[in-house]
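Here is the structure we will look at.
The values are calculated or read from the model by the stated rules, or taken from the named source; none is laboratory data. Treat the numbers as computed from the prediction; the structure is a model and nothing was measured. Ideal geometry is used to build each Cβ from the backbone, glycine not excepted, and the neighbour counts take in all protein chains shown.
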Amino acid sequence: MFKTNNNNLDDYADAVTSYISFCEETCIPTRAVYKFNNCKLWSSAELGKLRTNKEEAYRSGDRDAYKTSKYALNKAVKTAKRRYKVKLEQRFSTNDCSFIWRGLQTITNYKPKPVNATADPLLPNQINTFY
């Protein structure tokens, strides 16, 4: 299917990866996910809706609606923080090291340096002669 007249490995690899990308684009639905830097680890879509309701009540000028929506938001935030605290305590008690390191990387905004592959055309031959 991908065979051409020339036996260039780069052209063959490019054709195969292009075909795989085409199949992914046509078969797999995509969805945009937005993540903001100030998004807390314990926040959720429910808290976002409650915050929007509070802002709408504030803009409308209805003090009673604003007061109730503010109370509901504060209560939901406390509940979400408590749930997140329990989740963290469970992770620490089970000695899940990978979760702890991921948390430290999230807190410190650590991003590992990307590894660049060497584009040495003689590398496959060197590996073949080594083995």
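Could you check Y34 against (1) in a helix (DSSP H, G or I); (2) modelled with pLDDT under 85 and say which number it fails?
(1)
Among the residues of region 81-131, what is the count of those that are in contact (Cβ under 8 Å) with a residue 60 or more places away in the chain and surrounded by 11 or more Cβ atoms within 10 Å (Cβ to Cβ)?
Within region 81-131, residues that are in contact (Cβ under 8 Å) with a residue 60 or more places away in the chain and surrounded by 11 or more Cβ atoms within 10 Å (Cβ to Cβ) number 0.
Conditions first: (1) modelled with pLDDT of 85 or more; (2) under 30 Å from L9 (Cα atoms). N116 passes all but one, so which condition is the exception?
Failing condition for N116: (1).
One line per residue, one yes/no per condition, for (1) over 23 Å from N38 (Cβ atoms); (2) part of a helix (DSSP H, G or I); (3) not assigned by TED's automatic domain parsing to the domain that holds K49:
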{"position": "K67", "(1), (2), (3)": "yes, yes, no"}
{"position": "K70", "(1), (2), (3)": "no, yes, no"}
{"position": "L73", "(1), (2), (3)": "no, yes, no"}
{"position": "A76", "(1), (2), (3)": "no, yes, no"}
{"position": "T79", "(1), (2), (3)": "no, yes, no"}
{"position": "R83", "(1), (2), (3)": "no, yes, no"}
{"position": "L88", "(1), (2), (3)": "no, yes, no"}
{"position": "R91", "(1), (2), (3)": "yes, yes, no"}
{"position": "N95", "(1), (2), (3)": "yes, no, no"}
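Residue-by-condition table, conditions (1) modelled with pLDDT of 90 or more; (2) of a type in the set (D, E); (3) over 28 Å from P112 (Cα atoms):
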{"position": "S21", "(1), (2), (3)": "no, no, no"}
{"position": "C39", "(1), (2), (3)": "no, no, no"}
{"position": "S43", "(1), (2), (3)": "no, no, no"}
{"position": "D64", "(1), (2), (3)": "yes, yes, yes"}
{"position": "D96", "(1), (2), (3)": "no, yes, no"}
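Of the residues that sit in region 15-74 and are of a type in the set (A, V, I, L, M) and surrounded by fewer than 13 Cβ atoms within 10 Å (Cβ to Cβ), which one is nearest to L88 (Cα to Cα)?
L41
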